[in-house]
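The values are calculated or read from the model by the stated rules, or taken from the named source; none is laboratory data. The structure presented is a predicted model; accordingly, all values stated were derived computationally and were not measured. Cβ placement follows ideal geometry from the backbone for every residue including glycine, while neighbour counts extend to all protein chains displayed. Heads up: the accessible areas ignore ligands, DNA and RNA and are worked out on the full protein's heavy atoms, side chains in. Shrake-Rupley method; radii C 1.70, N 1.55, O 1.52, S 1.80 Å.
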Amino acid sequence: MRLSQTVQGTDFAFSFHLPTLIEFGYGRASRLGERLQHLGVTNVFVVTDKGVEAAGLLNGLVGSLQSAGIAFDLYTEVEPDPGLETIDRGAAVFRAKPYDCLVAVGGGSPIDAAKGMRVVASCGGSIADYAGVNRVPAAPAVPLVAVPTTSGTGSEVTMFGVYSDWHNHVKVTVTSPHMAPTIALVDPALTVSLPAKMTAASGIDALAHGIETFFSVRSRPASDALAMEAITAVNAHLRRAVHDGSDVEARIGMSHGSLLAGMAFTNGFLGLAHAIGSALSGHCHVPHGIAIGLLLPHVVAFNAPARPDKAAQLARLLGVEANPREERGEEASAAVARMVADIGLPTRLRDVGVPEEKLPAIAKDAFKSGMMTCNPRQPTEQEVRELLRRAF
């Protein structure tokens, strides 16, 4: 890709922010205790969920803390798509003892939960008080180490926390550089035992992060480079990771792709699939990754006319060539749809119990998401309804 294509006639100037130190490597999590010793940590609040605990993924981490002589307590009360109340309760528990570090272990839910708990414990109030952009007044003094056990959310390097407001059927996003973890300890070994369905759902989310960042109106050369590499890595490794979870090379490739996608979208931001997905999960409790998989092929087709050159590039990254030019968006959309089907995710909203009569409310509430403003083609509410009907 030529530089002129990347910047499309604009001045070659951009900003890129990544406040998180990244440590990546197979087996790297076994060094957690040693790493925390170097930070002078003595007492850790470990935020996770019951699924991670039951899967035995904490065993090596706990052993590492014990070997380093670091005290710790486990907090396992994080549910999928954690609610606002969960964050506030966890912050109260964290404040009750003199912890000097948080460690988040799991997928996006425990990591986002720990981000929010740290902010509330440091700044007071409720996590709902910080919803929006740059409303966290100061960086918390206590470090946060994020240890992902899935390959999808990229939450270990992002400055976002996403929480469920179940009363209003919406997702609430807190956006601030002060939300970002201090250290991302990315160990693909922790993903090897992840079940195929969870591998698929988290993996399609990583693909969506790459694609939506690439198409975003806030994309920049640096975020484009990361997004394209993320798309390439996920396309090469997701099917393999789903069909053979013990494929170490595929697991490493997916961890790498997810990480790069997170680095990309914390600077380039997301778009229509995540805006609608937020409303869909809020109204119907559809798990996030499944919601994204249902929507992404249709969103790619919708956005392609606004970014025809990038649609052509996306098709190539996904392994297809399209001629003539007007078919490139269709080919890219079809390639994403094939990926969703190949990894065994649902392909219709009706298959996950979404009632047709809820589609208008979902379409309306999609516009409550700030991610809508970053989409390259601004839809009307009627167009979102039509997109949902195509996915139904």
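In Å², and per residue, what accessible area does the chain have when probed at 1.4 Å with the other protein chains present?
Dividing the accessible area of the chain by its residue count gives 39 Å².
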- Query: Under a GNM of the chain (C-alpha, springs under 10 Å), which listed residue has the highest mean-square fluctuation: Ser122, Ser155, Ser176?
  - Reply: Ser122
- Given DSSP loops and a limit of at most 12 other Cβ atoms within 10 Å, what is the longest stretch of the chain that contains no such trypsin sites (Lys or Arg not before Pro)? 3-347
- Treat every Asp and Glu Cβ in the chain as -1 and every Lys and Arg Cβ as +1, leave all other atoms uncharged, and give the resulting dipole magnitude about the Cα centre to the nearest 20 debye. 340
- Query: Using alpha-carbon positions, what is the distance between the centroids of the range 40-62 and the range 318-391, in Å?
  - Reply: 37
- Query: Cα extents of the range 156-270 along the three principal axes, largest first, in whole Å?
  - Reply: 38, 38, 26
- Item | Simple Cβ-charge dipole of the range 192-281, Lys/Arg +1 and Asp/Glu -1, about Cα centre, in debye nearest 20 | 120
- Using the structure shown, list the pairs from Lys171/Lys368; Lys171/Lys358; Lys50/Lys368; Lys50/Lys197; Lys310/Lys358; Lys115/Lys171 with a Cα-Cα distance above 21 Å, or answer none. Lys50/Lys368; Lys310/Lys358
- Net charge (Lys, Arg +1; Asp, Glu -1) of residues whose beta-carbon lies under 14 Å from that of Ser278, Ser278 excluded, is -3
- Item | chymotrypsin sites (Phe, Trp or Tyr not before Pro) restricted to the range 136-223 and DSSP loop, no more than 14 other C-beta within 10 Å | Trp166
- Task: Among Val248, Val162, Val145, determine the one that fluctuates most according to a GNM of the chain built with springs between C-alpha atoms less than 10 Å apart.
- Result: Val248
- Query: Which percent of the accessible heavy-atom area of the chain goes to carbon and sulfur, probe 1.4 angstrom?
  - Reply: 53
- Dipole check, the chain, charges on Cβ (K,R +1; D,E -1), about Cα centroid: among Phe16, Ile211, Ala180 the Cα furthest to the positive pole belongs to Phe16
- Item | the range 23-158 - Debye-derived log10 I(q)/I(0), Cα point model, q = 0.12, 0.13, 0.15 Å⁻¹ | -0.43, -0.51, -0.68
- Taking Cα atoms, the helix 196-215 axis meets the longest principal axis of the chain at an angle in degrees (rounded to 10) of 60
- Estimated distance in nm for a label pair at Gln37 and Arg218, the labels positioned 7 Å out from Cα along Cα-to-Cβ: 4.1
- Message: Sequence gap at least 6, Cα distance under 8 Å: using those rules, report the relative contact order of the chain to the nearest whole percent.
- Response: 15
- Beta bridges by DSSP in the range 74-201, antiparallel share as percent, to the nearest 5: 40
- Task: Calculate the spin-label point distance for Tyr26 paired with Glu85, positioning each point 7 Å from the Cα along the beta-carbon direction, and give it in nanometres.
- Result: 4.4
- Pick out which of Gly257, Gly106, Gly319 has the largest mean-square fluctuation in a Gaussian network model of the chain, springs linking Cα atoms closer than 10 Å. Gly319
- Task: Sticking to Cα atoms, compute the Rg of the chain to one decimal and its Dmax as the biggest Cα-Cα distance, whole number, in Å.
- Result: 20.0, 64
